[in-house]
1. Output yes when any residue across segment 111-123 is touching a Phe, Trp or Tyr at 6+ places or on another chain (Cβ under 9 Å), under 25 Å from residue 241 (Cα atoms) and crowded, with 16+ Cβ neighbours inside 10 Å, and no when none is.
2. Can you tell me how many residues in segment 75-91 are in a loop (DSSP other than H, G, I, E, B) and more than 15 Å from ligand 2 (Cβ to nearest atom)?
3. Right, residue 252: of a type in the set (Asp, Glu), closer than 27 Å to residue 337 by Cα and within 16 Å of ligand 1 (Cβ to nearest atom) or not?
4. Suppose the filter is polar (S, T, N, Q), under 16 Å from residue 20 (Cα atoms) and out of contact with any Lys or Arg (no Cβ under 6 Å at 6 or more places or on another chain); does residue 293 pass it?
5. Restricting to strands (runs of 3 or more DSSP E) lying wholly in segment 214-287: which have 2 or more residues that are among the hydrophobic types (A, V, I, L, M, F, W, C), more than 16 Å from ligand 2 (Cβ to nearest atom) and in contact with a strand residue (DSSP E or B) (Cβ under 9 Å, 6 or more places away or on another chain)?
6. Here are some residues: 183, 156, 135, 150. Which one is in contact with a strand residue (DSSP E or B) (Cβ under 7 Å, 6 or more places away or on another chain), within 16 Å of ligand 1 (Cβ to nearest atom) and outside any helix (DSSP H, G or I)?
7. I'd like to know if segment 207-228 contains one or more residues that are closer than 18 Å to residue 140 by Cβ, surrounded by 19 or more Cβ atoms within 10 Å (Cβ to Cβ) and either among the polar types (S, T, N, Q) or out of contact with any helix residue (DSSP H, G or I) (no Cβ under 9 Å at 6 or more places or on another chain) (or both).
8. Of all residues in segment 186-213, which are aliphatic (A, V, I, L, M) and part of a helix (DSSP H, G or I)?
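The values are calculated or read from the model by the stated rules, or taken from the named source; none is laboratory data. Given the structure is predicted, the values throughout are model-derived calculations rather than measurements. Every residue, glycine among them, receives a Cβ derived from its backbone with ideal geometry; neighbour counts consider all protein chains shown.
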Amino acid sequence: MKRHRIAVFPGDGIGPEIVREALKILDIVSKETGVSFETKEGLVGGAAYDQSGSPLPDDTMQLALSSDAVLLGAVGGPKWEPLEYRLRPERGLLGLRSGLGLYANLRPVVVFEDLIDASPLKPDVIRGIDLMIVRELTGDAYFGKPRGVRIKNGQRTGVNTMIYTEAEIRRIAKVAFDTARGRRRKLLSVDKANVLEMTELWREVVTDVGRDYPDVELLHMYVDNCAMQLIRNPGQFDVIVTTNMFGDILSDEASMLTGSLGMLPSASCGEKSAMYEPIHGSAPDIAGKGVANPLATILSLAMMLRHSFDMAAEAAIVEKAVRAVLKEGFRTQDIQQRGSTVVGTVRMGDLVAEKVRSLMV
Ligand code: IPM
Ligand code: MG
């Protein structure tokens, strides 16, 4: 029987705690379905730097390359901030993205009915929100050259390059149109085509790809307007496709619709591999205290089951289990509300695990 190989990179801060809870769920899915998963742990980020002097050691990259999927916790922390740029934990993450060719980053933004009061926005504005941000992940200013800080005309001058080839735009546009096809068939492409030539090309190419998807409604919006519309009327959006940099910013903004960064999963996909991680960071201030919210990581695991292992039914069960536990009033401290029962990381993991088990039999 097929064994799915998963590379597990807990990373820094709360990473190890939340990943442990997701693996608990994986174990139950495996027991109940008979599908076997082979998990191997590796070091990335600050944890890797501390041990090997590199945020992305060769054996970590090799492990990632030889696996079917990667589960990542989080990287970074104040401890490593003084390091020079190429040694910082974030470089480990960016190295994995580019090394694995993970050009399509899917960030679902779903408002859970039971958490509606956790959002700073009015319930009427966010009720029922279910949108998907498709962020390009291996191009743009994140990787473009020239880059760096050098002396020019006698003064320090910083430069980064926003750059996309037509082929790069085409492939992310296809992912976005396909994603929209599986949903409400509405795609919004976000650019700054009134100012940046690069995004004028983006708009042209996305429009061209759209000719193959006459069943999907395509709209365009400038990024500044989109930032505003996400707060004013997020219900108008289904799938949003955008560049690496704009996607980074808009996805943090969109996460606030749900009220908590601790709930949002993500999938980064390429031709061969995929990586799954919560969109929140390593939260060094609460690391090791047993209070971190493991739900975004558990939901990332659900995305892995769906996208990498063709286990949509099991993914839906995991998502349903999370909803059920919230409905019963259990909350980690980041999403606590009046009248709710506050639980720690391990207990939250156990509650979801028990639910998954009962939903699977
Ligand atoms: C994200 C993060 C990363 C990014 C950082 C940690 C490098 O903010 O995944 O959104 O900018 O892509
Ligand atoms: Mg970000």
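1. At the first step, the residues of segment 111-123 found to be touching a Phe, Trp or Tyr at 6+ places or on another chain (Cβ under 9 Å) are 118.
Keeping just the survivors that are under 25 Å from residue 241 (Cα atoms) gives none.
No - not one qualifying residue is present in segment 111-123.
2. Here is the first cut: in segment 75-91, the residues in a loop (DSSP other than H, G, I, E, B) are 75-77, 81-84, 88.
From what is left, the residues that are more than 15 Å from ligand 2 (Cβ to nearest atom) are 77, 81-84.
Summing the residues that are in a loop (DSSP other than H, G, I, E, B) and more than 15 Å from ligand 2 (Cβ to nearest atom) in segment 75-91 gives 5.
3. Details: of a type in the set (Asp, Glu): yes; closer than 27 Å to residue 337 by Cα: yes; within 16 Å of ligand 1 (Cβ to nearest atom): yes.
Spelling it out, residue 252 is indeed of a type in the set (Asp, Glu), closer than 27 Å to residue 337 by Cα and within 16 Å of ligand 1 (Cβ to nearest atom).
4. Numbers: polar (S, T, N, Q): yes; under 16 Å from residue 20 (Cα atoms): yes; out of contact with any Lys or Arg (no Cβ under 6 Å at 6 or more places or on another chain): yes.
Yes, satisfied.
5. Working: elements: 217-222, 239-242, 265-269, 274-278.
Where strands (runs of 3 or more DSSP E) fall fully within segment 214-287 and carry at least 2 residues being among the hydrophobic types (A, V, I, L, M, F, W, C), more than 16 Å from ligand 2 (Cβ to nearest atom) and in contact with a strand residue (DSSP E or B) (Cβ under 9 Å, 6 or more places away or on another chain), they are 217-222, 239-242.
6. Values: 183 fails: within 16 Å of ligand 1 (Cβ to nearest atom); 156 fails: within 16 Å of ligand 1 (Cβ to nearest atom); 150 fails: within 16 Å of ligand 1 (Cβ to nearest atom).
On inspection, the qualifying residue turns out to be 135.
7. No; the residues of segment 207-228 include none that is closer than 18 Å to residue 140 by Cβ, surrounded by 19 or more Cβ atoms within 10 Å (Cβ to Cβ) and either among the polar types (S, T, N, Q) or out of contact with any helix residue (DSSP H, G or I) (no Cβ under 9 Å at 6 or more places or on another chain) (or both).
8. Start the filter on segment 186-213 by keeping residues that are aliphatic (A, V, I, L, M), which leaves 187-188, 190, 193, 195-196, 198, 201, 205-206, 209.
Within segment 186-213, 198, 201, 205, 206, 209 meet the criteria.
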